Amino acid sequence: MESTVTGRKNGDQPPVVQYDGVVKRFGSLTVLNGVSARVNKGEVVCLIGPSGSGKSTLLRCTNALEIADGGRVVFEGQPLPKTEAELRHVRRRMGMVFQNFELFPHMTALENVAVGPITILGADPAEARAKAQALLEKVGLGAKGGNHPSALSGGQQQRVAIARALAMDPDVMLFDEPTSALDPETIGEVLNVMKRLAEEGMTMVVVTHEMSFARRVANWILVFDEGRVIEEGPPAQIFDAPTHARTQSFLSHLGWNG
Amino acid sequence: MTLDWNVVWQYRGDLAYGVLLTIALTVATMAIAVPGGIAVMLMRQSHVRAVSFLGTVFVEFFRNVPLILLVYWAFYVLPILTDIQFSAFATGLVAMCLNVSAYNAETFRAGVNSIRKGQLEAAMAMGMSRSQAMRKVVLPQAIRRILPVLASTWVSLFKDTSLVSVIAVGELAHTALQIRSQTFRVLEMLTAMAAIYWLLGYPQAKLVDWIHRKYGVTE
């Protein structure tokens, strides 16, 4: 393991997120069965694997939307706190993007992006709106600020959701299958925004079924199966020379041929 | 049998005052019972067992007691409990508020539960507290969704205010019944009363229909 860790981007620095033997059960079902991994500063780590293998659950344990039953999640050197009040402060530094966007339907796109800084950080509303407008322009939706989510396409909604998460100036962005609910023709616009974000050096944890995105953009891949990380490495290694039989069969099921 | 409709015109001032009180009672009840309903709903949803129990008891009690009994009860019990002599209007208002708050609490609960979990999660993931998420994200959507139900409650409430006539609140029903017993113009006054309630209630019902069409279905 040592050699791979030092070979990673910013591997010599303390990780932004570290998972130590994370266990999560839903009733009698063990969804995460001792996952250990790290996410370094500025890395794009993609979580891949079959449905139900625990990828999304690990992501949701990162910002304590799910509380791990065993092991621990360490964020910027501190294990996740236990109380809701302390967790709020940690969550502010993590942006999250959901499969179903979860934009607030009663607010315009601009209000969606500005509501966090105004409500949570007590930002000046005029400044927060100006910043929200800049973020909407950054994701290519500068003209759509006045639209409600229902008047936007799926891809546009997801880009607003990314802007909303960025408005809190997070240290890490968590993406939970951000393109799985999209029409094929709008997937690209969302992936492009994510790719640009990665190029700017944002630390990103991405649960995805978009293998070509993982291949092109990720610095590190975690392959999940049955609640464990069965293989990890740089994309070239995972996609071109997977060592684990389950990885090979998973990739071939997706029609991945290098 | 001769009908003398003149009596209605003769007492128009009293009737108009009765209408005013009926409207005032409806508005005041709703103005209190909407925040009241939200408060009781939040109590029911509380993670503190004792608080949620109190909320449940409130709803189940005041929803399942006949309103007219509640009106009488408030009339006799309130002065004993509080040692204050309430006016008839205030007493009626308390009774109506207890009943309608219980109904509204259930309406709000249904509304809040109909907002999918992901919305709350998105708010929490940004770093909002539970109460911020409730105020900014869940309640505004829930209220919009239950607006048709609240409007229906309003129309029922408007008519139900007539029940406080039993403790001599001088609203429309009480006024009309008083005039009836003074003039013995039973048929005229009851007909006039029905006509006035209908004339006031019908546009409200139409408004409710309109609200149903505008806000009834979302997503």
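The values are calculated or read from the model by the stated rules, or taken from the named source; none is laboratory data. Note that the structure is predicted; figures quoted are calculated from it, not measured. Don't worry about glycine lacking a Cβ; one is built from the backbone with ideal geometry, like all the others, and counts go over all protein chains shown. Surface accessibility is based on the protein's heavy atoms, side chains included, excluding ligands, DNA and RNA. Shrake-Rupley method; radii C 1.70, N 1.55, O 1.52, S 1.80 Å.
The condition of being modelled with pLDDT of 95 or more and under 19 Å from A:Asn40 (Cα atoms) does not hold for A:Glu177.
Going through segment B:179-193 one residue at a time, which ones are in contact (Cβ under 8 Å) with a residue 12 or more places away in the chain and in a helix (DSSP H, G or I)?
Selection gives B:Ile179, B:Thr183, B:Leu187, B:Glu188, B:Met189, B:Leu190, B:Ala192, B:Met193.
Residue by residue, here is whether (1) touching a Lys or Arg at 6+ places or on another chain (Cβ under 8 Å); (2) among the polar types (S, T, N, Q); (3) at pLDDT 95 or above holds:
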| position | (1), (2), (3) |
| --- | --- |
| A:Glu102 | no, no, yes |
| A:Val115 | yes, no, yes |
| A:Leu136 | yes, no, yes |
| A:Leu152 | yes, no, yes |
| A:Arg159 | no, no, yes |
| A:Thr186 | no, yes, no |
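Tell me whether segment A:84-94 contains one or more residues that are without any contact (Cβ under 8 Å) to a residue 24 or more places away in the chain, closer than 19 Å to B:Val137 by Cα, more than 21 Å from the chain's Cα centre (by Cα) and within 12 Å of chain B (Cβ to nearest Cβ). Yes, because at least one residue in segment A:84-94 is without any contact (Cβ under 8 Å) to a residue 24 or more places away in the chain, closer than 19 Å to B:Val137 by Cα, more than 21 Å from the chain's Cα centre (by Cα) and within 12 Å of chain B (Cβ to nearest Cβ). Take the residues in segment B:130-147 that are polar (S, T, N, Q) and within 24 Å of A:Ile67 (Cα to Cα); name whichever of them is farthest from the other protein chains (Cβ to nearest Cβ). Among those residues, the one meeting the criterion is B:Ser131. The residues in segment A:136-166 that are open to solvent by 30 Å² or more (accessible area, probe 1.4 Å), within 14 Å of another protein chain (Cβ to nearest Cβ), in a helix (DSSP H, G or I) and of a type outside the set (Gly, Ala, Ser) can be counted, and the count is 1. Please verify whether segment A:223-236 includes one or more residues that are open to solvent by 50 Å² or more (accessible area, probe 1.4 Å) and within 30 Å of A:Pro125 (Cβ to Cβ). No: zero hits. Of the strands (runs of 3 or more DSSP E) lying entirely inside segment A:203-242, those containing at least 3 residues that are under 16 Å from the mean Cα position of the chain (by Cα) and closer than 12 Å to A:Val45 by Cβ are A:203-207, A:220-225. If only residues of segment A:95-130 that are hydrophobic (A, V, I, L, M, F, W, C) and more than 10 Å from chain B (Cβ to nearest Cβ) are counted, the one that is farthest from the chain's Cα centre (by Cα) is A:Ala126. Of B:Gly92, B:Gly118, B:Gly127, all but one fail to be at positive phi and either modelled with pLDDT of 90 or more or within 14 Å of chain A (Cβ to nearest Cβ) (or both); the exception is B:Gly127. Every condition in (1) over 18 Å from the mean Cα position of the chain (by Cα); (2) touching a residue at least 24 places away in the same chain (Cβ under 8 Å); (3) surrounded by 19 or more Cβ atoms within 10 Å (Cβ to Cβ) is met by B:Ser114 except one, and the failing one is (3).
Just the residues that are away from chain B (no Cβ under 14 Å) and open to solvent by less than 70 Å² (accessible area, probe 1.4 Å), please, taken from segment A:59-83. Hits for segment A:59-83 are A:Ala68, A:Gly70, A:Gly71, A:Val73, A:Val74, A:Gly77, A:Pro79. Every condition in (1) more than 14 Å from the chain's Cα centre (by Cα); (2) closer than 21 Å to B:Thr26 by Cα holds for B:Leu150 except the one numbered (1).
Does B:Ile196 meet the test of being within 14 Å of chain A (Cβ to nearest Cβ), touching a residue at least 12 places away in the same chain (Cβ under 8 Å) and either under 22 Å from the mean Cα position of the chain (by Cα) or within 24 Å of B:Met43 (Cβ to Cβ) (or both)? No, not satisfied. Annotation note: of B:Arg44, B:Arg49, the sole residue that is crowded, with 17+ Cβ neighbours inside 10 Å and away from every other protein chain (no Cβ under 14 Å) is B:Arg44.
Counting only helices (runs of 4 or more DSSP H) that fall entirely inside segment B:1-106 and contain at least 3 residues that are β-branched (Val, Ile, Thr), the qualifying elements are B:12-45, B:49-63, B:67-82.
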